[in-house]
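The values are calculated or read from the model by the stated rules, or taken from the named source; none is laboratory data. Computed from a prediction, not measured in an experiment: that's the story for all the values here. FYI the Cβ positions are ideal-geometry reconstructions off the backbone, even for glycines, and counts take in every protein chain you see. Just so you know, the surface numbers come from the protein's heavy atoms only, side chains and all, with ligands and any DNA or RNA stripped out. Shrake-Rupley method; radii C 1.70, N 1.55, O 1.52, S 1.80 Å.
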Amino acid sequence: MLTNRTTLTQFLIEERRRHDESSGEFNSLILDVALACKTISRLVAQGDLAGMLGYAGAVNVQGEQQIKLDVQANSCFLRATEWGGHVAGMVSEEIEDAYRIPAQFPRGKYLLAFDPLDGSSNVDVNVTVGSIFSITRAREPGVDATAEDFLQPGREQVAAGYAIYGPSTMLVLSVGRGVHGFTLEPTIGEFFLTHPDMRVAEHTSTFAINSSNHRFWEPAVRRYVDECLAGTTGPRGRDFNMRWVASLVVEAHRILTRGGVFLYPRDSKKAGAAGRLRLLYEASPIAFLIEQAGGRASTGRRPLLDVEPTDIHQRVGFVFGTAAEVERIERYHTEAYEDDDPDIPMYAKRGLFRAVR
Ligand code: MG
Ligand code: MG
């Protein structure tokens, strides 16, 4: 019986009752985001029938080809959230500058950053995609937010989550007290709590990395992966499995469900690049969820949530999952840099990577 289950709305209202000062604006914002996700879920499910899989003909600020679905999903987020008076501005993967709320709507006290369609480059092969969002407080409520206002470390998030458009659509959310998963009942359009208190497993034998970048990896990452691959014959003394879906939402969902460790580390493929994933609307919200679920999220060297952003679209190296594995990777980085390696000057103390740590 669905009526015996907790809806997203009921969950949010019960959470709010814990905070006397809470006005309910925050809940309205989350429900607006949930509406955007439900709409995107329908579009994604229609596949090619929605006529949205082709290129939109534009390149986004990341230099990536936008497909029509990216553009449409972006509009879903903007239209669902801009009118409510809860946000002072937004940042999207698909928009170069901070999005200004249209003049006719009031400005609110929150900032919303989102990746409207994560994994969209693989949408043509019909694999699972998702949306990611992050909510922080506006520096000045009621006033248009600037891009600089969004440059807050991930620790400042008041909520973060993702929607995953798989065989079932789920919304996975943290408002700062654990991580909770809701499954969409599509015929009545309601999210129901199905996965309360999601936790990252404390032990794992699964890692996820794009091995085709092996030659670009830093020594610490090579060491970690090589030790996993050595299995029972290596220092780890057990066999590991590897997974790679190349969609952040899917990787995060697997790790929240089964444990594991994900690495998209900084590498030397693009000189001077800090990493691949975007800090504000990909890594930060996922890191918030992972920490809330008892896992660990890192740049490879330090907690991801401590990184001070300098640009709304900046990229970052990202390692997250089972805490003990992430700690091990951080330790390998520390140890790697204690020795100058004259054979690999770019990794040495005064080398390329050393300088931009
Ligand atoms: Mg993405
Ligand atoms: Mg995207």
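Structure above, values below:
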quantity: Residues satisfying the stated conditions in the stretch 82-101, i.e. open to solvent by less than 10 Å² (accessible area, probe 1.4 Å) and more than 16 Å from ligand 2 (Cβ to nearest atom); calculated: 87, 88, 89, 101
quantity: Residue match in the stretch 258-268 (condition: touching a Phe, Trp or Tyr at 6+ places or on another chain (Cβ under 6 Å), open to solvent by 10 Å² or more (accessible area, probe 1.4 Å) and either over 30 Å from residue 161 (Cβ atoms) or at pLDDT 95 or above (or both)); calculated: yes
quantity: Test: residue in the stretch 126-136 that is open to solvent by less than 10 Å² (accessible area, probe 1.4 Å) and more than 16 Å from ligand 1 (Cβ to nearest atom); calculated: yes
quantity: All positions within the stretch 26-58 that are among the acidic types (Asp, Glu) and surrounded by 16 or more Cβ atoms within 10 Å (Cβ to Cβ); calculated: 32
quantity: Pairs, first small (Gly, Ala, Ser) in the stretch 113-126, second near ligand 2 (Cβ under 10 Å from one of its atoms) and in a loop (DSSP other than H, G, I, E, B), C-beta under 7 Å, six or more apart; calculated: 119/247
quantity: Options 117, 112; residue that is of a type in the set (A, V, I, L, M, F, W, C), in a strand (DSSP E or B) and closer than 16 Å to residue 44 by Cβ; calculated: 117
quantity: Test set (1) free of Cβ contacts under 8 Å to residues at least 40 places away in the same chain; (2) away from ligand 1 (no atom under 16 Å from the Cβ); (3) part of a helix (DSSP H, G or I) - residue 80 fails condition number; calculated: (1)
quantity: Residue count for the stretch 267-308, restricted to those that are more than 16 Å from ligand 2 (Cβ to nearest atom), in a helix (DSSP H, G or I) and of a type in the set (S, T, N, Q); calculated: 1
